[in-house]
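Colleague: A single structure is presented below for examination.
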Amino acid sequence: MKLNGFKKIIGVLRCNSGLHIGGSAEQIEIGGVDLPIIKHPVTGEPYIPGSSLKGKMRCQLEKKEGKFGLNKKKEPTEPCKCGEPDCLVCKIFGSHQNTGHNLGSTRIIVRDSCLSVATKEEYSHLLEEKGLSFIEKKTENIINRKSGAAEHPRSLERIPAGAEFDIEIVLQEYEGDNISDMIEFVKEGLRLVQQTYLGGFGSRGSGNVSFHELQLDGTPFIL
Ligand SMILES: [Zn+2]
């Protein structure tokens with residue numbers, strides 16, 4: 001299968017509400033919050049793993065297309081693994097655990113997104129001049145249905161609203177690919193992320209994000 005080239009989408013992801021993308025258990029510090037966010041191991045800065053954005057786009061596109069994989073009980077709970085030539089989910093995002101397909105490589109590469117230069121500057125100002133942490137600590141409770149009292153408080157970290165990240169998505173174009181259909185599919189995936197949420201606790205307000213200043217190979221890319 002011949003690789004004809006690449007298409008690159010760059011732009012800005014803006015957090016319109018706090019964003020929670022969970023860190024791994026190893027990152028949980030003693031006496032820290034219950035639900036930390038993922039951070040760069042050296043700088044401590046939050047970032048958005050490419051797998052989070054890719055996974056959310058895929059999941060929403062699967063819902064829209066009605067494409068799911070079946071689990072052992074034949075329930076539609078898994079990522080699509082049909083491997084059919086006309087399935088853009090499998091072609092672009094990879095055919096989940098299906099090694100028998102002829103679709104070739106996964107076409108999409110979603111890079112990890114780092115804080116934009118502007119957001120970093122704003123945050124270092126907050127840190128140095130005001131001693132403020134730029135990671136929001138939020139406490140959530142469960143309301144006891146009988147007494148109405150808030151119980152079981154747990155603390156979660158969020159990237160605060162207003163933070164911006166630089167995103168980069170690459171599409172690999174192989175011989176025979178309909179690249180304009182693939183670009184439209186990715187565009188729809190980004191729209192669906194905007195319409196829903198990214199990361200955890202979306203039904204409770206977290207993860208409202210929007211995309212700005214998008215470019216496809218240097219030309220404006222309008223969602
Ligand atoms: Zn499929």
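Colleague: Relative to the longest principal axis of the C-alpha atoms of the chain, give the angle of the C-alpha long axis of helix 50-65, reported between 0 and 90° and rounded to the nearest 10°.
Modeller: 60
Colleague: Ranked highest first by the average count of other Cβ atoms within 10 Å around their residues, in what order do 80-91, 135-146 fall?
Modeller: My ranking of the peptides, most packed first, is 80-91, 135-146.
Colleague: Oh, and also: Take peptides 1-13, 120-132 and line them up by average Cβ neighbours within 10 Å, highest first, as a rough protection proxy.
Modeller: Values: 1-13: 15.1, 120-132: 11.8.
The densest-packed peptide leads the list: 1-13, 120-132.
Colleague: Please work out whether the chain counts as rounded, prolate or oblate from its C-alpha gyration tensor, where a ≥ b ≥ c are the square roots of the eigenvalues and a/c under 1.5 means rounded, while otherwise a/b larger than b/c means prolate and anything else oblate?
Modeller: Here the chain falls in the oblate category.
Colleague: Of the options THR77, ILE135, CYS90, report the single residue whose Cα projects farthest towards the positive end of the charge dipole of region 63-161 (beta-carbon charges: Lys, Arg +1; Asp, Glu -1).
Modeller: Farthest towards the positive end: THR77.
Colleague: Sequence neighbours fewer than 8 away in the same chain don't count; with that in mind, list the lysines whose C-alpha is under 29 Å from LYS146.
Modeller: Correct list for LYS146: LYS137, LYS138.
Colleague: In the structure shown, do any of LYS2/LYS91; LYS7/LYS91; LYS7/LYS39 have a Cα-Cα gap over 24 Å, and if so which?
Modeller: As for pairs spanning more than 24 Å Cα to Cα, those are LYS7/LYS39.
Colleague: A further question follows. Go through the chain and flag any cysteine with no other cysteine's C-beta closer than 4.7 Å, please.
Modeller: CYS15, CYS59, CYS80, CYS82, CYS114
Colleague: Run the helix sum for the chain: -39,500 (n - 2.57) per DSSP H stretch of 4+ residues, divided by residue count, reported at 222 nm to the nearest 500 deg cm²/dmol. Don't skip to the answer; put the middle values down first.
Modeller: Numbers: 4 runs with 53 residues, N = 223.
Taken over the chain, the calculation gives -7500 deg cm²/dmol.
Colleague: Now for a separate question. Under a point spin-label approximation (7 Å from Cα along Cα-to-Cβ), what is the ASN4-LYS130 distance to one decimal in nm?
Modeller: Each label point is offset 7 Å from its Cα along the Cβ direction, giving 5.1 nm.
Colleague: By how many nm would the segment from GLN215 to ASN102 lengthen if fully extended, with 0.36 nm per residue of separation less the alpha-carbon distance?
Modeller: This chain segment gains 37.6 nm when fully extended.
Colleague: Over region 129-223, what is the relative contact order in percent, taking alpha-carbon pairs closer than 8 angstrom and at least six residues apart?
Modeller: After rounding, I find 15 percent.
Colleague: Straight-line reach from LYS130: which lysines have a Cα under 19 Å away, not including same-chain ones fewer than 8 places off?
Modeller: Within the straight-line cut-off, LYS130 pairs with LYS120.
Colleague: Now a separate question. Tell me which aspartates and glutamates have Cα within less than 17 Å of LYS81's Cα, excluding those fewer than 8 residues away on the same chain?
Modeller: Cα-Cα hits under 17 Å: GLU62, GLU65.
Colleague: Expressed as a rounded percentage, what relative contact order does the chain have, with Cα pairs under 8 Å and six or more residues apart?
Modeller: 37
Colleague: Counting only protein heavy atoms and using a 1.4 Å probe, what share of the accessible area of the chain belongs to carbon plus sulfur, as a whole percent?
Modeller: Of the solvent-accessible surface of the chain, carbon and sulfur hold 50 percent.
Colleague: Using the Karplus equation 6.51 cos²θ - 1.76 cosθ + 1.60 (θ = phi - 60°), what ³J(HN,Hα) coupling, rounded to whole Hz, does each residue of region 187-199 give in order, writing x for Gly and Pro?
Modeller: Going residue by residue, I get 4, 4, x, 5, 4, 5, 5, 4, 6, 10, 6, 10, x Hz, with x marking Gly and Pro.
Colleague: Got a sec? What order do ARG58, ARG107, ARG204 fall in by accessible area at 1.4 Å, biggest, i.e. largest, first?
Modeller: Ranked from most to least accessible, the order is ARG204, ARG58, ARG107.
The values are calculated or read from the model by the stated rules, or taken from the named source; none is laboratory data. Predicted model, so just to flag it, every value in this text is computed and none were measured. Glycine also receives a Cβ, built like all others from the backbone with ideal geometry; neighbour counts cover every protein chain displayed. Just so you know, the surface numbers come from the protein's heavy atoms only, side chains and all, with ligands and any DNA or RNA stripped out. Shrake-Rupley method; radii C 1.70, N 1.55, O 1.52, S 1.80 Å.
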